[in-house]
Amino acid sequence: MTALLEARQVSKVFGGGLFDKRVTVALDDFSFSVESEPPRVVAVVGESGSGKTTLARLLLGLISPTTGNVLYRGNDLQSLPRDQRRNFLRDVQMIFQDPYEVYNPFYRVDHVLETPVAEFKLANSAAARRALIHESLRAVGLRPEETLGRYPHQLSGGQRQRIMVARAVLLRPRLIIADEPVSMVDASLRATILDSLRQLNRDYGMSIVYIIHSCSSTRSRSRIRSTSGAPSRCATTLPWTPTALRLSKSPRASSPPTPPQAPRLKRVAAT
């Protein structure tokens with residue numbers, strides 16, 4: 001079966017320009033795939049500077065790999081025809097780290113929900129559009145009457161982030177890439193957002209790539225070990241995650257001739 005989204009021997013190097021010869025290896029020979037079935041959750045764990053956000057941007061097609069390919073249903077993401085690009089935009093959705101910067105402060109929060117409904121023609125009437133938006137908000141634990149009609153600054157960080165989860169629910173994507181979605185919200189709200197993501201995986205059949213800074217942002221129910229048999233730093237985390245990937249911080253190079261060897265991505269699996 002063709003993978004829904006696949007990174008095949010991808011490397012990304014920044015720098016090395018005409019005026020600045022220094023280069024930074026963000027990812028080195030990275031391979032990774034999310035199958036179409038069954039829905040799964042993959043956690044990517046890494047410290048600051050390890051390339052987590054670079055990975056997310058590569059998987060979304062926002063930047064191009066230096067070497068290797070990112071494939072959507074077997075086709076190179078950078079050369080998708082218009083119709084496949086549209087399918088990709090619906091199948092793969094992103095939840096960004098900062099729950100405020102994704103909003104335009106001049107628009108009410110309704111705007112981020114109404115735009116995908118109109119763009120992808122998800123409803124054929126105003127009543128159908130309203131019902132769809134209300135359903136998506138309730139799916140992430142928000143009350144429509146207390147949420148809609150407000151500006152971003154009138155909502156808490158947790159509410160803003162859950163609206164972005166609700167936005168993803170609207171499109172019924174096959175995959176959600178969540179880049180540290182709880183790092184900028186209060187600790188008391190993190191469990192709510194994680195429960196929302198778990199519900200999307202369980203009830204809506206959505207796969208999730210969950211990018212996290214440390215294992216402390218997940219709750220413990222199962223033990224994770226590396227494939228070599230040595231205990232992982234995530235030894236008691238990721239209750240709903242069958243697979244985890246751990247990134248190490250990529251070193252910096254001061255000259256371009258021989259970029260430093262970035263630590264390999266290590267796959268760890270639940271026992």
Cβ crowding within 10 Å averaged over residues, with 154-162, 177-185 ranked highest first: 177-185, 154-162
Whole-Hz ³J(HN,Hα) from phi, Karplus 6.51 cos²θ - 1.76 cosθ + 1.60, for segment 10-20, glycine and proline x: 8, 10, 9, 10, 9, x, x, x, 5, 9, 10
Under 15 Å from the Cα of residue 52 - aspartates and glutamates, other chains or at least 8 residues apart: 28, 29, 98, 179, 180
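If you add up the charges near residue 152, with Lys and Arg at +1 and Asp and Glu at -1, over every other residue whose beta carbon is less than 10 angstrom from its beta carbon, what do you get?
Working: positive: 108, 150, 160; negative: 101.
For residues surrounding residue 152, the net value is +2.
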Cα-projected label distance for residue 90 with residue 67, points at 7 Å along beta-carbon direction, nm: 3.8
Percent of C-alpha pairs per 5 Å bin, segment 23-114, short to long: 2, 10, 18, 21, 19, 16, 10, 4, 0
Chymotrypsin sites (Phe, Trp or Tyr not before Pro) within segment 49-147: DSSP coil, no more than 15 neighbouring Cβ in 10 Å: 100, 106, 107, 120
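Cβ under 11 Å from residue 209's Cβ, residue 209 left aside: what net charge do those residues give with Lys, Arg +1 and Asp, Glu -1?
Details: positive: 40, 52; negative: 179.
Taking every other residue near residue 209 into account, the sum is +1.
At 10 °C and 1.306 mPa s, what whole-number value in µm²/s does Stokes-Einstein give for the translational diffusion of segment 66-212, with Rh from the Kirkwood sum over Cα pairs?
On the way: Rh = 16.0 Å.
So the translational diffusion coefficient is about 99 µm²/s.
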Amide H partners (placed H, <5 Å) of residue 42, local residues excluded: 208, 209, 210
Other-chain or far-sequence residues with amide H under 5 Å of residue 122's (modelled H): none
Spatial separation of Cα centroids for segment 147-164 and segment 78-107, in angstrom: 19
Karplus (6.51, -1.76, 1.60) ³J(HN,Hα), θ = phi - 60°, over segment 151-162, in Hz, Gly and Pro reported as x: 8, x, 6, 8, 10, 6, x, x, 5, 4, 5, 5
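List 31, 125 from most exposed to least, where exposure is judged by having the fewest other Cβ atoms within 10 Å.
Values: 31 12, 125 8.
Starting with the residue having the fewest Cβ neighbours, the order is 125, 31.
Laboratory data are not the source of any read-out in this text; all were calculated from the coordinates shown. In this text the structure is predicted, and so the values were computed from the model without any measurement. Here the Cβ is made from the backbone with ideal geometry for all residues, glycine too, and neighbour counts use every protein chain on show.
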